[in-house]
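To start, the structure under review is shown below, and the notes come after it.
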Amino acid sequence: MIETRALRKSYGSSLVLDEVSLTLPRGGITSIIGANGAGKSTLLSVISRLLTADSGAVSIDSQDIFRAAGPELARKLAVLRQDNHLNARLTVKELVSFGRYPHSKGRLTPACREAVNHAMTWLDLTALSDRFLDQLSGGQRQRAFVAMTLAQETDYILLDEPLNNLDMKNARAMMLTLRQAVQALQKTVVMVLHDINFASVHSDRIIAMKAGRVIHSGTPAQIITPAILRDVYDMEITVQEIDGHRFAFYYG
Amino acid sequence: MRLGLAFLLVAALAAISLTVGVSGLSLSRLLAGDGRDWLILWESRVPRTLALLLAGASMAIAGLLMQIVIRNRFVEPSTTGTVEAAGLGLLVMTLLAPGAPVIVKMAVGAVFALGGTGLFLLVLRRVPLRDQMIVPLIGIILTGVLHAATTFFAYRADLMQTVLAWTQGDLSGVLRGRYELLWLGAAMAAVAWIAADRFTLAGLGRDMATSLGLAHGRVLALGLSIVSGVTAVVVVTVGIIPFLGLIVPNLVSLALGDNMRRAVPWVAVSGAGLVLACDILGRILRAPYEIPVGTILGVIGSLTFLILILKGRRNAA
Amino acid sequence: MQPEARILPVTPAQSETRAQLALILLGGGVFLAAALFMTLGARGSWAFVLQFRGMKLLGLILIAHAVAVSTVLFQTVTANRILTPSIMGFDALFVLSSTLLIAFMGSVQLSGLDPRLLFAARLIVMTLFSMALYRWLFLGEEQSLHRLLLTGVVFGIFLRTLAEFVQRMLDPNEFMVLSDMLFASFTKIDPVLMGIGWALVLAVTLWLARNLARLDVIGLGRPVAVNLGIRWRRDVLLVLALVSVLVAVSTALVGPVTFFGLLAASLARLAVGTTRHAVLLPAASLTAMLLLIGGQTLLERLFAFNTALGIVIEFFGGVVFLILLLKGGRR
């Protein structure tokens, strides 16, 4: 369980997180939605200790993340940001193997190798394992990074806009992979999503943010409604149900 | 009105500069017609003070001019390779034609300075992205490379002392008959003032300037020639005065905005005043020894430069 | 990225072979250069020549290793390939702290001190300075590379001129003591300092050898490294402290060299085509040794002019820096 208590964070005079208190139970996919600048990525970064909050606390399974030892936390929680430019020139396999660093400090054990191979199979990267990252397409590279976080074998995976730069086919495949990981491996996935329809179809929970605050949270059926979406995005959005899923229309 | 006050302040500094030095001067002895005091005043103090005023004003204007035509707030002759190239030219002349008159050496220095600036612009043109910060960065490194080249030749020819004299702005050796070239530099700076409007237009960029009917290339060449000429004159007479042309125009523009014609007198007065103040400081801090004005300005200038860069960071964030 | 991709290996197997080949060639080159340096143009007693030149060779090796390793480490923690400790004014910091030490304590007190104690004092002052400075520069909010570079370069100028200013404020006699202390050269190396230098550099190297994987992870950049359990602040400050020690050793022995580290690190990256520290660190170190020993041999024995090596290296290093900038200096 991830808990945040009264998180505040500001850049200069602008407040990006305003007293965010939140409880995310174990299991399932939680999507964070909201307009640009609502504080979604900042929240994700604070939960994953990439940013420090000005005040407030974050705990994972009742353990304060800023007190926890680095490697210990890295075996419990993995985070992937949207822009992953590397200075290093690595192959897919080398990158995925880095996911084992928290466990083995660079000396791979047989269990490590198995985890690495497993993660690569899971993301359909086995054929690409000896390719250098700079020889891959954007979608393949994104998959390689997700494989690294899977190889980390953490209970929690936090992703910042994992569908960014992916085309329709790759975006769908990525969401399905994450769903499988949640179901088969009992992972807890928390991600920032821009596409509210992907969030609606694939999430178990949706958290809606606006101006640094969490203003709504609930199941897709509770959140994807015209009234709540108007509140979140300040625009008229119609919602229709197709095949048991709720879809938002805002193109016209 | 405020400009008048600034003039008065600089005049007061100049008066102080006349009286500060190793051998004491006294007003009463001067009035009594003491020959030794008059000699010191006439042969050393007056030339030194004039040299400071002229060099300060013209270097500051050269910096302003360069910032306008290159369209970057952080360039000035010592961050674009111009100064180092002028020094290299002077070194070449010292090697090849040591007996040449100083005006010829200066002319060759100016040609080299123009060449150095041209090299800088050429390198700039090849830089993919035009970030405000990368322009002076390239200039400073180019300066380092030119400096290494100069040092290499000087070292081989046993001329390190000569090079050292140029790289440290030092006015302790200025006497009557050894600074007059600076008037020429001031005259060139005055041309920059007269043509200020054109340079301001050229500073809008080539497309805009051309559509306003300006021969952009020619104005740019004129501007950079003036900068190179002023630089060569100052380097050959008093040595490098680092960062002056950078900090003075920036501080003036913070106070006054960016119109060149309005800024020029302020830049000239502040440049002259700053150099005077630093030189006086250098004479009294460690008397009877002198700290070169280049060293003091180096510290003040780089610190101010740093603050200007970091201030930009806060604004951008 | 594209033009570089052509010269980089395409498969991991190629990459491995290439790195091994490069290390072997570099090692062979260094060995050859050292042999030539020891023997070429020797006259008189061999015992004397070997002892005399052996001292110099040990000094060159130490300096090359310290400069190259400090540059690679610094580039790893700052996630760029252009900035080096000396461009950022680390060595100026060392000169400044030595100057301040003399300014505040006076040369009389200092001349009574054990040179090892003195070196330790200079080292500590410098390390503290650099920690404060780089904490402020690198551990703040993320910022543009070019602004960081410019800040670093101007800071270097500031530190250098400040050191010069303080030196000018000194009594001329004190200044003489200081310049004796500061301005050594590639050919005049103090044996006591060299002993301390070797001890320190070996200790740092040993630590590095045990932490290569951690360095690789740090090289992935802050977000990925933190995710993998690196304690960024602590580890980066630790690496910067090691960099300070290495720079202090090389600066104490030969004085400031601005572009040498950049030249060695860039050539080594080009030669091995990998960013793994297990390969890159030795490669950079060997490249620097080859440049220094080979260059010194050429200049001393063939062209017969001394100590200009620093200047020649500065010139080429500066050109490399410009080329890197022109290529875009990707982060």
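None of the figures in this text is laboratory data; all of them are computed from the coordinates on show. What you see is a predicted model; the values in this text were computed from it and never measured. Cβ coordinates were reconstructed from backbone atoms using ideal geometry, including for glycine residues, and neighbour counts include every protein chain displayed.
Just a few scattered comments:
- Paramagnetic reach from A:Asp61 in segment A:162-187 [backbone N under 14 Å; point 7 Å along Cα→Cβ]: A:186-187
- Cα-based reach from C:Lys56 at 16 Å (exclusive), listing lysines while leaving out same-chain residues under 8 positions away: C:Lys188
- Cβ charges +1 (Lys, Arg) and -1 (Asp, Glu), total dipole of segment C:200-331, debye: 600
- What the phi angles of segment A:102-110 give under the Karplus curve with 6.51, -1.76 and 1.60, with θ = phi - 60°, is a coupling list of x, 8, 10, 6, x, 9, 6, 8, x Hz, glycine and proline written as x.
- The label point for A:Leu15 and the one for C:Phe52, both projected 7 Å from the Cα toward the Cβ, are 7.7 nm apart.
- In sequence order, segment B:281-292 has phi-based couplings of 4, x, 7, 9, 4, 10, 3, x, 7, 10, 9, x Hz under the Karplus curve 6.51 cos²θ - 1.76 cosθ + 1.60, θ = phi - 60°, and Gly or Pro positions carry x.
- Taken along the Cα-to-beta-carbon direction at a fixed 7 Å, the label points for B:Val102 and A:Met235 span 7.2 nm.
- Length released on extending from A:Asp54 to A:Leu176, taking residue separation times 0.36 nm less the Cα-Cα span: 40.3 nm
- Ranked by the mean number of other Cβ atoms within 10 Å per residue, highest first, peptides B:246-253, A:37-44 order as B:246-253, A:37-44.
- Förster-model FRET efficiency, 45 Å R0, A:Ala211 and A:Asp124, C-beta, rounded to 0.05: 0.70
- Packing rank of C:196-206, C:161-171, B:84-94, where each peptide gets the mean count of other beta carbons within 10 Å, highest leading: B:84-94, C:161-171, C:196-206
- Estimated 222 nm signal from helices in the protein assembly as shown, with DSSP H stretches of n ≥ 4 weighted -39500 (n - 2.57), rounded to 500: -20500 deg cm²/dmol
- Given R0 = 22 Å, the distance between the Cβ atoms of B:Arg36 and B:Ile284 translates into a calculated FRET efficiency of 0.50.
- Given +1 at the Cβ of Lys and Arg, -1 at the Cβ of Asp and Glu and no other charges, the dipole of the protein assembly as shown around its Cα centre is 580 debye to the nearest 20.
- Ranking B:Tyr179, C:Thr39, C:Leu240 by Cα position along the charge dipole of the protein assembly as shown, where only Lys, Arg, Asp and Glu carry charges on their C-beta atoms, puts C:Thr39 farthest toward the positive end.
- A simple charge model with +1 on the Cβ of Lys and Arg, -1 on the Cβ of Asp and Glu and nothing else charged puts the dipole of segment B:175-263 at about 160 debye relative to its Cα centre.
- Per the Debye formula on identical point scatterers at the alpha carbon atoms of chain A, with no solvent, log10 I(q)/I(0) at q = 0.14 Å⁻¹ is -0.97.
- The protein assembly as shown - share of DSSP beta bridges that are antiparallel (%, nearest 5): 60
- Ordering of C:12-21, C:119-128 by burial proxy (mean other Cβ atoms within 10 Å per residue, highest first): C:119-128, C:12-21
- Aspartates and glutamates whose Cα lies under 17 Å from that of A:Lys105, excluding same-chain neighbours fewer than 8 positions away: A:Glu72, A:Glu94, A:Glu114, A:Glu153, C:Asp216, C:Asp235
- The distance separating the Cα centre of segment A:215-252 from that of segment B:208-278 comes to 60 Å.
- Leading residue at positive end of dipole, chain A (Cβ point charges), from A:Met148, A:Ile29, A:Val79: A:Met148
- Separation of the B:Asp131 and B:Phe152 label points, Cα + 7 Å toward Cβ, nm: 2.9
- Peptide-level mean, for A:86-98, of C-beta atoms on other protein chains within 10 Å: 5
- Relative contact order, percent, chain B [alpha-carbon distance under 8 Å, six or more residues apart]: 31
- Chain A: relative contact order as a whole-number percent, Cα under 8 Å and 6+ apart: 25
- Mean partner shielding of peptide B:290-301, defined as the number of other chain Cβ atoms within 10 Å of each residue Cβ, is 4.
- Taking a point 7 Å out from the Cα of B:Leu256 in the direction of its Cβ, the residues of segment B:190-225 whose backbone N falls within less than 19 Å of it are B:190-204.
- Within the same chain, lysines fewer than 8 places from A:Lys187 are excluded, and of the rest, those with a Cα less than 17 Å from its Cα are A:Lys76.
- Amide H partners (placed H, <5 Å) of A:Gly34, local residues excluded: A:Met209
- Karplus (6.51, -1.76, 1.60) ³J(HN,Hα), θ = phi - 60°, over segment C:150-166, in Hz, Gly and Pro reported as x: 5, 4, x, 5, 5, 4, x, 4, 4, 4, 5, 5, 5, 4, 5, 4, 4
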